[in-house]
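Below: the structure, in structure tokens.
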Amino acid sequence: DIGYINGRYIGLNELAVPIEERGHQFGDGIYEVIRVYNGKTFMLNEHLERLIKSGNAIKLQIEHSIDDFRKLIHDAIAKSGEKDCCVYLQITRGISARNHLFPNVPVSISLTVKQIVPLQKSIRVNGAAAILHEDERWSNCYIKSLNLLPNVLARQTAYEQGCFEAILVRNGMITEGTSSNVFMVKQGKLYTAPLSRHILAGITRMAVKKICKQVSVDFIKQSFSKEELLQADEVFITNTTSEIVPIVTVEGQTIGAGRPGEVTTKLYHKLQQFVA
Ligand code: PDD
């Protein structure tokens, strides 16, 4: 595992960020989490495009090009010697005396490359539990912002109730998870919320969309309510680190047959081939 900040490689526990840094003091920055399978980055271009989109949305003045980031990431992976790992890349508005106004300083770029922590086997095999939680976040959730307090609080609430994820509900409709996109299967068709300001455009979501085409499963971008979720045949969540995780109970209520469903399992296996 290694770290990198503003041009130098460091150990993960090395002190590197001054107190007066925008990410540290304001959460004034953005990030990406990118999966590496057998030394190869997964959908890196899509991640970098989303990174730039997030940067533009918060008016970061990034001098680096997509190619610069691609090189930085590949160099760091090579340097780490890891094969199956995750890259965490963060850009903040830089180092400057605390003041809400934008400083006129270069952005800070940091990253870590860390070995993957595999998902608990029992969750893979039997599925996981989720709670429903009010979506208390702001209206710009398409930005992959460092400000994750509502996500952290909801996720901790789920954990304290013995659950893996909190599925967020805004005006009665499912948006996404605290760090995942949410899907339901009903009569063989797959449903997920359409892209909007209220969800992050997940890269794994994008991969699932492609896979659905290959296996002839309808991928329907349509919002659904928490009642519809509870009545679903199957539910799963997706993200870069956990890929596809079957959800078999929500708020203590059993979903479908109470075990990972047929469509979920098929998509998961197809995704494994996709990344191989
Ligand atoms: N989170 N929605 C939210 C709010 C997320 O934080 C994430 C990912 C996703 C899924 O996006 P992707 O498929 O591109 O990973 C959806 C990352 C993994 C994290 O914060 O660690």
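Would you mind counting up the charge near residue 245? Only other residues with Cβ under 9 Å from its Cβ, with Lys and Arg at +1 and Asp and Glu at -1. Residues close to residue 245 contribute a combined charge of -1.
Throw me the Rg/Rh for the stretch 99-172, computed over C-alpha atoms with Kirkwood Rh, two decimals.
Dividing the radius of gyration by the Kirkwood radius yields 1.09.
Among 14, 165, 243, sorting on how many other beta-carbon atoms sit within 10 Å of each Cβ, with the fewest leading, yields 14, 243, 165.
Relative contact order for the stretch 127-276: 25 percent, from Cα pairs under 8 Å spaced at least 6 residues apart, divided by residue count.
Find the Cα radius of gyration of the stretch 162-229, compare it with 2.2 N^0.38 Å by division, and give the number to two decimals.
1.09
Counting Lys and Arg as +1 and Asp and Glu as -1 over every other residue whose Cβ lies under 12 Å from the Cβ of residue 44, the net charge comes to +1.
A protection proxy built from the mean count of other Cβ atoms within 10 Å ranks the segments 29-37, 177-185, 221-229, most packed first, as 177-185, 29-37, 221-229. Three principal axis extents of the stretch 121-275 based on alpha-carbon atoms, in descending order, are 37, 30, 28 Å.
Considering only the Cα atoms of the stretch 44-91, their convex hull presents on average a projected area of 3.4 nm². For the stretch 97-136, the residues whose amide N sits under 18 Å from a probe point set 7 Å from the Cα of residue 20 along the beta carbon direction are 97-108.
The ellipsoid that matches the Cα gyration tensor of the stretch 2-115 has semi-axes, each √(5λ) in whole angstrom, of 24, 17, 10, with the longest given first. For the pair the stretch 216-234 / the stretch 19-58, the C-alpha centres are spaced 29 Å from each other.
Straight-distance candidates among the lysines for linking to residue 144, with alpha-carbon spacing under 18 Å and chain neighbours fewer than 8 residues away dropped: 53, 59. Neighbour counts of other Cβ atoms within 10 Å put 206, 43 in the fewest-to-most order 206, 43.
Under the simplified labelling scheme, the residue 84-residue 253 pair shows an inter-label distance of 3.7 nm, with each label point 7 Å from Cα along Cα→Cβ.
Sequence gap at least 6, Cα distance under 8 Å: using those rules, report the relative contact order of the stretch 147-231 to the nearest whole percent. The normalised contact order for the stretch 147-231 reaches 26 percent.
Net charge around residue 195, counting only other residues with Cβ within less than 10 Å of its Cβ (Lys, Arg = +1; Asp, Glu = -1)?
After counting each charged neighbour, the total is +3.
Judged by the mean number of other Cβ atoms found within 10 Å, the most tightly packed of the peptides 125-137, 97-109 leads the ranking 125-137, 97-109. If you plug the beta carbon distance of residue 105 and residue 9 into 1/(1 + (r/R0)^6) with R0 = 25 Å, you get a FRET efficiency near 0.70.
Taking a straight line from the alpha carbon of residue 226, these lysines sit under 18 Å away, with near neighbours fewer than eight places off in the same chain left out: 186, 189. Taking a straight line from the alpha carbon of residue 266, these aspartates and glutamates sit under 15 Å away, with near neighbours fewer than eight places off in the same chain left out: 218, 233, 234, 243.
Average the reciprocal distances over every distinct pair of alpha-carbons in the chain, invert the result, and give the Kirkwood radius in Å.
Value: 19.6 Å, from the Cα pair sum.
Note on the stretch 121-275: antiparallel DSSP beta bridges, both residues inside, total approximately 65 percent of the bridges counted.
Read the figures in this text as sums done on the coordinates, not as results from a lab. Values in this document were obtained by computation on a predicted structure and should not be read as measured data. Every residue, glycine among them, receives a Cβ derived from its backbone with ideal geometry; neighbour counts consider all protein chains shown.
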